[in-house]
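Working notes, beginning with the structure itself.
The values are calculated or read from the model by the stated rules, or taken from the named source; none is laboratory data. Here the structure is a predicted model, which is why all the values come from computation and not from measurement. Glycine gets a Cβ as well: all are built from the backbone with ideal geometry, and neighbour counts include every protein chain shown. We work out accessible area using only protein heavy atoms, side chains counted, and drop any ligands, DNA or RNA first. Shrake-Rupley method; radii C 1.70, N 1.55, O 1.52, S 1.80 Å.
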Amino acid sequence: MADSSHGHGHTPAAWTGVIIAFIGFTVAGAFMVMANPMGFWGGMAIVLLGGVVGGVMRTMGLGMPKSQPLKMVQGATTVKPAATATREPVAAES
């Protein structure tokens, strides 16, 4: 499962957005415990700010690059899938 991530979220834009959103959740949670609605909504605004900052940074090129579509080789009529090895179930040893 760890091999299939392909670096998902490991960018400056993702890290910055998540850190700002985490700070916002912390602020909102603290003010919710203190029964202060204005502070709670201020924390929720910080959470939204994290999403905006992450989106702006992605637009600036600090996010994951967009994947390029696969190109067909000229003259190729069929594409064969890559061979996959099949695994046999392993019996549990006692």
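Whenever a residue of segment 32-61 is closer than 13 Å to residue 18 by Cβ and open to solvent by less than 50 Å² (accessible area, probe 1.4 Å), its partners that are aromatic (Phe, Trp, Tyr) and in a helix (DSSP H, G or I), lying with C-beta atoms within less than 9 angstrom and at least six residues away or across chains, give the pairs 47/22; 47/25; 50/22; 54/15. Of all positions in segment 78-94, none carries a residue that is farther than 24 Å from residue 19 by Cβ, assigned to a loop (DSSP other than H, G, I, E, B) and modelled with pLDDT of 70 or more.
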